[in-house]
Amino acid sequence: MDVRKRLTYVYTLADILSVLENIEEIKRLHRAKAWEILLDRYSAVRRRLVSIQGSAAAVNISRKDNIVVMNAIGHFRTMEQEVERARSKKAQDELDSARLNEIASKVLDELNGVMISIRQAAE
């Protein structure tokens, strides 16, 4: 494997690790009902996921794993919109942090699988 491709793998894995850490933080922020901070975190996770998706061809991400990344982008977009709408209506108390954490946990598990696949492909 050439140096450029190896670096792409390393950067993609670093992005996934960063996303996984950010999702853990998002779960903690849901529990704390820190909605203002969460809006920034959702968009940061989406940006990294888009970066990972952009590297999909270079690191041979499977179609299945690429769908996982696309779905994750959609989930965080939806969560951001839900929080933004509640915020604009001053109805943050109506947000269900347990449901949001259930979604975040599912995404976390699926992205962990993507990370394992990329790591194995890099070996």
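The values are calculated or read from the model by the stated rules, or taken from the named source; none is laboratory data. From a predicted model like this one, the values you see are computed outputs, not experimental measurements. For neighbour counting, all protein chains shown are included, and Cβ atoms are generated from backbone atoms with ideal geometry for every residue, glycine included.
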Here the residues within the stretch 99-122 that are without any contact (Cβ under 8 Å) to a residue 40 or more places away in the chain and more than 12 Å from the chain's Cα centre (by Cα) are 99, 102, 116, 120
The residue from 2, 40, 15 that alone is in contact (Cβ under 8 Å) with a residue 12 or more places away in the chain and either under 19 Å from residue 98 (Cα atoms) or not small (Gly, Ala, Ser) (or both) is 15
Could you check, for the stretch 83-105, whether at least one of its residues is surrounded by 15 or more Cβ atoms within 10 Å (Cβ to Cβ), among the acidic types (Asp, Glu) and closer than 15 Å to residue 39 by Cα?
no
The condition of being closer than 14 Å to residue 18 by Cα, surrounded by 16 or more Cβ atoms within 10 Å (Cβ to Cβ) and at pLDDT below 95 holds, among 52, 61, only for 52
Residue, surrounded by the most Cβ atoms within 10 Å (Cβ to Cβ), within the stretch 12-42, restricted to residues that are among the polar types (S, T, N, Q) and in contact with a Lys or Arg (Cβ under 9 Å, 6 or more places away or on another chain):
22
